[in-house]
């Protein structure tokens, strides 16, 4: 209302200068003592990394920054336990061209399903098949292209959702610009990207507001030239050196160290 009134005054005065006087030291009214809060949206780094000044994420040694998630190796499986969005774990060789990717995935919590990445050439150049996206209501292919802003859906979508604690078998086939995806043996996608095709890149897994487990990943070359030789999950885990992936057994010493620091702050020595 004040803005509208100011606009009317300015219009009526034409080019005449308008002076406003502000007196911050003068109190006109008080706020009820029972009103002591306000709306605060806990996103990006406005709180965690902003108002919270700790150097240790989430007040422990367990959590990586929200941009990466909580990735762990556990009994041969890769798990993601963070609650953030756009959490990706790509790996493999950017030179891989035509291949089939197979794996199993399980949703363990959260609002949506999981992301299966392929032809990942960089952070902004990739495909992922979004299973259980858009509020766990449908499945669709999304593509990111450098210089075109946020990634977006390409090709048709299929209604569907991802159930919690159920293992799903996923198969992705990349052959030139043609991309195909199957879920539990049922084909979800058969799409040829004629606009901005990515013809080579790594594979990966990801989540969006969801916790998940992944196992039995395998990549097999289609071109016969060994570009993406058959690779099993164990080979990936054996050679994987991802800065945001850790093993479960690291938690115990980290928690002990945190408890020791807390005791020292209270004046108690171990």
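The values are calculated or read from the model by the stated rules, or taken from the named source; none is laboratory data. In this text, all values refer to a predicted model and were calculated from it rather than measured experimentally. We place every Cβ from the backbone using ideal geometry, glycine too, and count neighbours over all the protein chains shown.
Can you work out which of the residues in segment 54-73 that are modelled with pLDDT of 80 or more and touching a helix residue (DSSP H, G or I) at 6+ places or on another chain (Cβ under 9 Å) is farthest from residue 206 (Cα to Cα)? Residue satisfying both the conditions and the ranking: 73. Residues of segment 182-196 that are in a loop (DSSP other than H, G, I, E, B) and either buried (at least 18 other Cβ atoms within 10 Å of the Cβ) or in contact with a helix residue (DSSP H, G or I) (Cβ under 7 Å, 6 or more places away or on another chain) (or both): 193 alone. For the criterion of being on the phi < 0 side of the Ramachandran plot, outside any loop (DSSP other than H, G, I, E, B) and at pLDDT 70 or above, residue 90 passes.
I'd like to check something: does segment 162-176 contain any residue that is part of a loop (DSSP other than H, G, I, E, B) and free of Cβ contacts under 8 Å to residues at least 40 places away in the same chain?
So far as segment 162-176 goes, no, none of its residues is part of a loop (DSSP other than H, G, I, E, B) and free of Cβ contacts under 8 Å to residues at least 40 places away in the same chain.
Scanning segment 93-108 for residues that are buried (at least 21 other Cβ atoms within 10 Å of the Cβ), touching a strand residue (DSSP E or B) at 6+ places or on another chain (Cβ under 6 Å) and farther than 13 Å from residue 218 by Cα yields a single hit, 107. Taking the criterion of being touching a helix residue (DSSP H, G or I) at 6+ places or on another chain (Cβ under 9 Å) and modelled with pLDDT of 95 or more, would at least one residue in segment 131-139 satisfy it? Yes: segment 131-139 contains one or more residues that are touching a helix residue (DSSP H, G or I) at 6+ places or on another chain (Cβ under 9 Å) and modelled with pLDDT of 95 or more. Across segment 109-145, the number of residues qualifying as free of Cβ contacts under 8 Å to residues at least 60 places away in the same chain, under 14 Å from the mean Cα position of the chain (by Cα) and crowded, with 22+ Cβ neighbours inside 10 Å comes to 1.
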